[in-house]
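I have placed the structure first, in the form of C-alpha coordinates, so that the comments after it can refer back to it.
The values are calculated or read from the model by the stated rules, or taken from the named source; none is laboratory data. Computed from a predicted model, the values in this text were never measured in an experiment. Neighbour counts run over all protein chains shown; Cβ positions are idealised from the backbone, glycine included.
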Amino acid sequence: MLDDIFMARINKVTGLDPGKLTAFQADLVLAAEHITAIIDETPSSFKRGPKDIPLSKRSDWLRRNVIGPADKLINALDHDAHFASYPEVHASALTKEERFAIKQNVERLRVFASDLSMDFEGRIFENASHNTEMRIEFCDMITDVLKKHAPHIPVSRGTYEQGQGNVGVFAGLLRDIYAEITGETSQLEQQLKQIVIMSR
(Lines give C-alpha, C1' and ligand atoms only; values in the text may rest on other atoms or scores of the structure.)
Protein backbone atom coordinates (compact mmCIF):
# COMPACT_ATOMS: atom_id res chain seq x y z
CA MET A 1 0.00 0.00 0.00
CA LEU A 2 1.28 3.46 -0.99
CA ASP A 3 4.52 1.92 -2.23
CA ASP A 4 7.02 3.64 -4.52
CA ILE A 5 5.29 2.36 -7.66
CA PHE A 6 1.96 3.87 -6.57
CA MET A 7 3.62 7.13 -5.56
CA ALA A 8 5.40 7.37 -8.92
CA ARG A 9 2.04 7.07 -10.66
CA ILE A 10 0.52 9.72 -8.40
CA ASN A 11 3.49 11.98 -8.97
CA LYS A 12 2.77 12.12 -12.69
CA VAL A 13 -0.07 14.36 -11.56
CA THR A 14 1.43 16.12 -8.52
CA GLY A 15 4.86 16.74 -10.10
CA LEU A 16 6.76 16.88 -6.81
CA ASP A 17 10.55 16.69 -6.59
CA PRO A 18 12.00 13.54 -4.90
CA GLY A 19 12.39 15.06 -1.44
CA LYS A 20 8.86 16.47 -1.37
CA LEU A 21 7.46 13.23 -2.77
CA THR A 22 9.07 11.26 0.09
CA ALA A 23 7.51 13.61 2.67
CA PHE A 24 4.16 13.33 0.87
CA GLN A 25 4.39 9.54 0.98
CA ALA A 26 5.28 9.53 4.69
CA ASP A 27 2.23 11.63 5.61
CA LEU A 28 -0.03 9.47 3.44
CA VAL A 29 1.26 6.36 5.22
CA LEU A 30 0.47 7.94 8.60
CA ALA A 31 -3.04 8.77 7.42
CA ALA A 32 -3.44 5.26 6.00
CA GLU A 33 -2.41 3.67 9.30
CA HIS A 34 -5.08 5.68 11.12
CA ILE A 35 -7.70 4.90 8.50
CA THR A 36 -7.02 1.15 8.42
CA ALA A 37 -6.99 1.03 12.24
CA ILE A 38 -10.52 2.49 12.26
CA ILE A 39 -11.71 0.05 9.57
CA ASP A 40 -10.14 -2.93 11.34
CA GLU A 41 -12.05 -2.31 14.59
CA THR A 42 -15.34 -0.84 13.37
CA PRO A 43 -18.22 -2.88 11.90
CA SER A 44 -18.76 -1.44 8.43
CA SER A 45 -19.36 -2.23 4.76
CA PHE A 46 -15.63 -2.16 3.97
CA LYS A 47 -14.21 -5.51 2.82
CA ARG A 48 -11.62 -5.57 5.58
CA GLY A 49 -12.56 -5.29 9.23
CA PRO A 50 -15.64 -6.57 11.11
CA LYS A 51 -18.79 -7.30 9.13
CA ASP A 52 -21.32 -4.48 9.09
CA ILE A 53 -23.84 -4.60 11.96
CA PRO A 54 -26.84 -2.22 12.06
CA LEU A 55 -26.57 0.31 14.86
CA SER A 56 -29.92 -0.84 16.26
CA LYS A 57 -28.59 -4.39 16.65
CA ARG A 58 -25.39 -3.18 18.28
CA SER A 59 -27.38 -1.08 20.75
CA ASP A 60 -29.71 -3.99 21.56
CA TRP A 61 -26.73 -6.33 22.03
CA LEU A 62 -25.07 -3.96 24.47
CA ARG A 63 -28.25 -3.63 26.53
CA ARG A 64 -28.84 -7.38 26.68
CA ASN A 65 -25.28 -8.65 27.05
CA VAL A 66 -23.44 -5.88 28.90
CA ILE A 67 -25.64 -3.25 30.54
CA GLY A 68 -28.25 -5.62 32.02
CA PRO A 69 -25.76 -8.22 33.29
CA ALA A 70 -23.48 -5.47 34.63
CA ASP A 71 -26.36 -4.04 36.70
CA LYS A 72 -26.88 -7.45 38.29
CA LEU A 73 -23.19 -8.01 38.97
CA ILE A 74 -22.69 -4.53 40.45
CA ASN A 75 -25.59 -5.17 42.82
CA ALA A 76 -24.33 -8.66 43.72
CA LEU A 77 -20.83 -7.45 44.56
CA ASP A 78 -22.30 -5.32 47.35
CA HIS A 79 -23.56 -8.39 49.23
CA ASP A 80 -20.50 -9.22 51.31
CA ALA A 81 -22.20 -11.92 53.38
CA HIS A 82 -22.74 -14.10 50.30
CA PHE A 83 -18.98 -14.20 49.72
CA ALA A 84 -18.13 -15.46 53.22
CA SER A 85 -16.12 -18.68 52.84
CA TYR A 86 -15.78 -19.81 56.49
CA PRO A 87 -14.83 -22.46 57.44
CA GLU A 88 -13.10 -23.16 54.14
CA VAL A 89 -10.07 -21.28 52.80
CA HIS A 90 -10.07 -20.99 49.03
CA ALA A 91 -6.99 -20.06 47.03
CA SER A 92 -9.36 -18.25 44.63
CA ALA A 93 -10.89 -16.12 47.38
CA LEU A 94 -11.18 -12.38 46.86
CA THR A 95 -10.96 -9.82 49.63
CA LYS A 96 -13.62 -7.16 50.06
CA GLU A 97 -11.16 -4.63 48.61
CA GLU A 98 -10.54 -6.81 45.55
CA ARG A 99 -14.28 -7.24 44.97
CA PHE A 100 -14.69 -3.48 45.26
CA ALA A 101 -12.01 -2.97 42.59
CA ILE A 102 -13.86 -5.40 40.32
CA LYS A 103 -17.11 -3.54 40.97
CA GLN A 104 -15.46 -0.24 39.96
CA ASN A 105 -14.27 -1.76 36.67
CA VAL A 106 -17.70 -3.25 35.95
CA GLU A 107 -19.30 0.14 36.68
CA ARG A 108 -16.89 1.75 34.24
CA LEU A 109 -17.73 -0.91 31.62
CA ARG A 110 -21.43 -0.31 32.17
CA VAL A 111 -21.04 3.46 31.68
CA PHE A 112 -19.03 2.88 28.49
CA ALA A 113 -21.61 0.44 27.12
CA SER A 114 -24.42 2.84 28.02
CA ASP A 115 -22.64 5.75 26.32
CA LEU A 116 -22.17 3.63 23.18
CA SER A 117 -25.80 2.54 23.15
CA MET A 118 -27.06 6.13 23.52
CA ASP A 119 -24.63 7.24 20.80
CA PHE A 120 -26.01 4.57 18.45
CA GLU A 121 -29.60 5.53 19.26
CA GLY A 122 -28.80 9.17 18.50
CA ARG A 123 -27.30 8.25 15.15
CA ILE A 124 -30.33 6.13 14.32
CA PHE A 125 -32.60 9.10 15.13
CA GLU A 126 -30.48 11.35 12.89
CA ASN A 127 -30.44 8.68 10.16
CA ALA A 128 -26.63 8.66 10.29
CA SER A 129 -24.35 5.69 9.77
CA HIS A 130 -20.77 4.71 10.48
CA ASN A 131 -20.24 3.91 6.80
CA THR A 132 -21.05 7.47 5.73
CA GLU A 133 -19.12 9.05 8.60
CA MET A 134 -16.07 6.89 7.96
CA ARG A 135 -15.91 7.81 4.27
CA ILE A 136 -16.24 11.51 5.06
CA GLU A 137 -13.51 11.37 7.71
CA PHE A 138 -11.16 9.36 5.50
CA CYS A 139 -11.59 11.76 2.59
CA ASP A 140 -10.98 14.73 4.92
CA MET A 141 -7.74 13.15 6.14
CA ILE A 142 -6.50 12.50 2.60
CA THR A 143 -7.52 16.02 1.57
CA ASP A 144 -5.48 17.52 4.42
CA VAL A 145 -2.38 15.67 3.18
CA LEU A 146 -3.01 16.75 -0.41
CA LYS A 147 -3.43 20.39 0.64
CA LYS A 148 -0.20 20.26 2.62
CA HIS A 149 2.01 18.66 -0.03
CA ALA A 150 0.30 19.66 -3.28
CA PRO A 151 -1.19 23.10 -2.62
CA HIS A 152 -0.78 23.94 -6.31
CA ILE A 153 -3.63 21.54 -7.10
CA PRO A 154 -6.93 23.35 -6.40
CA VAL A 155 -9.61 21.59 -4.41
CA SER A 156 -12.31 21.04 -7.00
CA ARG A 157 -14.95 18.51 -7.99
CA GLY A 158 -13.87 18.91 -11.62
CA THR A 159 -16.41 18.64 -14.40
CA TYR A 160 -19.17 16.07 -14.68
CA GLU A 161 -18.76 13.42 -17.34
CA GLN A 162 -21.58 11.02 -18.19
CA GLY A 163 -20.85 7.59 -16.74
CA GLN A 164 -17.70 8.78 -14.96
CA GLY A 165 -18.99 11.24 -12.41
CA ASN A 166 -16.90 14.31 -11.64
CA VAL A 167 -13.59 14.24 -13.49
CA GLY A 168 -10.72 16.47 -12.45
CA VAL A 169 -7.17 16.49 -11.09
CA PHE A 170 -8.04 16.77 -7.40
CA ALA A 171 -11.02 14.40 -7.65
CA GLY A 172 -8.87 11.81 -9.42
CA LEU A 173 -6.11 12.01 -6.83
CA LEU A 174 -8.55 11.70 -3.95
CA ARG A 175 -10.23 8.64 -5.48
CA ASP A 176 -6.92 6.94 -6.32
CA ILE A 177 -5.46 7.42 -2.84
CA TYR A 178 -8.74 6.50 -1.14
CA ALA A 179 -8.96 3.27 -3.18
CA GLU A 180 -5.32 2.41 -2.48
CA ILE A 181 -5.83 2.76 1.29
CA THR A 182 -9.32 1.33 1.76
CA GLY A 183 -9.53 -1.14 -1.10
CA GLU A 184 -12.87 0.44 -2.03
CA THR A 185 -13.51 1.98 -5.43
CA SER A 186 -15.99 4.83 -5.15
CA GLN A 187 -16.87 8.00 -7.02
CA LEU A 188 -17.05 9.81 -3.64
CA GLU A 189 -19.45 12.37 -5.09
CA GLN A 190 -21.05 13.28 -1.74
CA GLN A 191 -17.67 13.55 -0.04
CA LEU A 192 -16.17 15.67 -2.83
CA LYS A 193 -19.11 18.06 -2.66
CA GLN A 194 -18.66 18.53 1.09
CA ILE A 195 -14.87 18.93 0.81
CA VAL A 196 -15.22 21.67 -1.82
CA ILE A 197 -17.80 23.52 0.28
CA MET A 198 -15.60 23.34 3.39
CA SER A 199 -12.54 24.53 1.42
CA ARG A 200 -14.13 27.76 0.22
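Ala84 - would you say it is without any contact (Cβ under 8 Å) to a residue 40 or more places away in the chain, among the aliphatic types (A, V, I, L, M) and outside the structural domain of Arg135 (by TED's automatic domain parsing)? In short, yes. Would you confirm whether any residue within segment 54-73 is free of Cβ contacts under 8 Å to residues at least 24 places away in the same chain, within 24 Å of Val111 (Cβ to Cβ), in a helix (DSSP H, G or I) and of a type in the set (A, V, I, L, M, F, W, C)? Scanning segment 54-73, I find at least one residue that is free of Cβ contacts under 8 Å to residues at least 24 places away in the same chain, within 24 Å of Val111 (Cβ to Cβ), in a helix (DSSP H, G or I) and of a type in the set (A, V, I, L, M, F, W, C), so the answer is yes.
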